[in-house]
Amino acid sequence: LIIKTEFLPTKCRGYMLPLSQVFWLAGSLLIIGLASVVNPTIGWRWLIRIASIPGILLILAFKFIPESARYNVSTGNTAAALATLQSIARMNRVAMPEGQLREPPKERRGRFKDLIHPKYLRTTLQIWIIWLGIAFAYYGVILASAELLERDLVCGSAAPALLDSSNGSEEIHSPCHCHWFGPAAYRAMIISTAGEIALNPVNILSINLLGRRLSLCITMGCTALFFLLLNICTSRAGVVGFLFMLRALVSANFNTIYIYTAEVYPTTMRALGMGTSGALCRVGAMVAPFISQVLMNASFMGALCLFSSVCIICAISAVTLPIETKGRALQ
């Protein structure tokens, strides 16, 4: 994402970066389809082995991805930057623009203390809060989807009682009381996952018309609302519909914060800013299972209120960010 951001012109970033969500969606749908075939036949261990193959291929593909010309120039390596631009010009069958690359004063690479320098301290802290909250909500929705489809936790009904252990099935003796997903559950997961692309056109328009901060505030506020709507006693189709909208909203949140974080920091700090934000994102992902799979079974409404509260905090953090990056050139 950072490399793509540094290659794209300012006017295209708000349109092209959210389109990457199409490929994320394709991977999500592929793993659900794969799980529906592999899990009941050869087991979840084989699912993990098969799912790791694209990652191995990606490592091999890194060799063919060019280094950012902007990064090379910022570190004084103008020869490498020129070679990259010439390669792109040849690939597109166009002539290089007239003029020469000027080597700027060599800048040191970003350090962690630059992120918490008074100039960026408030921005950094608010971005970290937003990243943590978005990941918490995103993985919370995914895990809650499985929990809601596996057990009827809505309408105040208890989880289904375990079957008599006399049949000796592996499912009954499992200390986790896990249940196999049936075809209907996989179909519902596919439908709700498809929601990740549903709001993409609206998200692209809002990012470019309303700006990054207001757009993120609105989608985070709607995410909080739809978490609470999950408590409404409705049909299975209604639950799938709410999950569909939640997946659409949390996906829009990720689109916007990715763009904002990549735009707000200068080139020397961009990778560091994205990296530390990604680390906070993993913290949110680690906490989410304790809420969506543990607390949700103990207090369904309590879990939903917690998810909703975190989203509201993120919405406030988004709208009060000190810098709006809409139309702002990369530093």
Worksheet item: Of all residues in segment 77-105 being closer than 25 Å to T261 by Cβ and either of a type outside the set (V, I, T) or more than 32 Å from the chain's Cα centre (by Cα) (or both), which is modelled with the highest pLDDT?
Response: A81
Response to the item:
The condition of being touching a residue at least 60 places away in the same chain (Cβ under 8 Å), surrounded by fewer than 18 Cβ atoms within 10 Å (Cβ to Cβ) and more than 30 Å from G327 (Cβ to Cβ) holds, among V283, V239, only for V283
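Residue by residue through segment 273-315, note down the ones that are of a type in the set (F, W, Y) and within 16 Å of Y138 (Cα to Cα). Before you say what the answer is, go through the steps one by one.
Taking segment 273-315 as the starting set, the residues that turn out to be of a type in the set (F, W, Y) are 290, 300, 307.
Correct list: F290, F307.
For segment 1-61, which fully contained helices (runs of 4 or more DSSP H) count at least 3 residues that are touching a helix residue (DSSP H, G or I) at 6+ places or on another chain (Cβ under 8 Å) and surrounded by 11 or more Cβ atoms within 10 Å (Cβ to Cβ)? Even if it seems obvious, please write down each step before you answer.
Working: elements: 2-7, 10-19, 21-38, 44-51, 53-61.
Output list reads 2-7, 10-19, 21-38, 44-51.
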Worksheet item: Is there a residue being crowded, with 21+ Cβ neighbours inside 10 Å and under 16 Å from M220 (Cβ atoms) anywhere in segment 262-276?
Response: no
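Inside segment 179-260, counting only helices (runs of 4 or more DSSP H) that do not spill past its ends, which hold 2 or more residues that are under 16 Å from L19 (Cβ atoms) and of a type outside the set (S, T, N, Q)? Talk me through it step by step, then tell me what you get.
Values: elements: 183-198, 200-209, 212-229.
Of the helices (runs of 4 or more DSSP H) lying wholly inside segment 179-260, those with at least 2 residues that are under 16 Å from L19 (Cβ atoms) and of a type outside the set (S, T, N, Q) span 183-198, 200-209.
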Item to complete: May I ask you to list the residues in segment 304-331 that are aliphatic (A, V, I, L, M), touching a residue at least 40 places away in the same chain (Cβ under 8 Å), over 15 Å from N253 (Cβ atoms) and not in a loop (DSSP other than H, G, I, E, B)?
Response: L304
Worksheet entry | Residue list for segment 266-283, restricted to those being under 14 Å from D114 (Cβ atoms) and among the β-branched types (V, I, T) | T267, T268, T276
Worksheet item: Can you tell which of L149, L162 is modelled with pLDDT under 80, farther than 15 Å from A35 by Cα and either basic (K, R) or assigned to a loop (DSSP other than H, G, I, E, B) (or both)?
Response: L162
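Among the candidates G327, G302, G275, G284, which residue alone is over 15 Å from T123 (Cβ atoms) and touching a Ser or Thr at 6+ places or on another chain (Cβ under 7 Å)? Break it down stepwise before answering.
Working: G302 fails: touching a Ser or Thr at 6+ places or on another chain (Cβ under 7 Å); G275 fails: touching a Ser or Thr at 6+ places or on another chain (Cβ under 7 Å); G284 fails: touching a Ser or Thr at 6+ places or on another chain (Cβ under 7 Å).
The unique qualifying residue is G327.
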Worksheet item: Of the conditions (1) within 24 Å of C12 (Cα to Cα); (2) modelled with pLDDT under 90; (3) not hydrophobic (A, V, I, L, M, F, W, C), T219 fails just one. Which one is it?
Response: (2)
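Take F244 and tell me if it is in contact (Cβ under 8 Å) with a residue 12 or more places away in the chain and either over 20 Å from the mean Cα position of the chain (by Cα) or crowded, with 24+ Cβ neighbours inside 10 Å (or both). Before the answer, list the steps.
Working: in contact (Cβ under 8 Å) with a residue 12 or more places away in the chain: yes; either over 20 Å from the mean Cα position of the chain (by Cα) or crowded, with 24+ Cβ neighbours inside 10 Å (or both): no.
No: the conditions fail for F244.
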Worksheet item: If you take the residues in segment 286-306 that are aliphatic (A, V, I, L, M) and loosely packed, with under 14 Cβ neighbours inside 10 Å, which one is nearest to E147 (Cα to Cα)?
Response: V294
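The values are calculated or read from the model by the stated rules, or taken from the named source; none is laboratory data. Given the structure is predicted, the values throughout are model-derived calculations rather than measurements. Ideal geometry is used to build each Cβ from the backbone, glycine not excepted, and the neighbour counts take in all protein chains shown.
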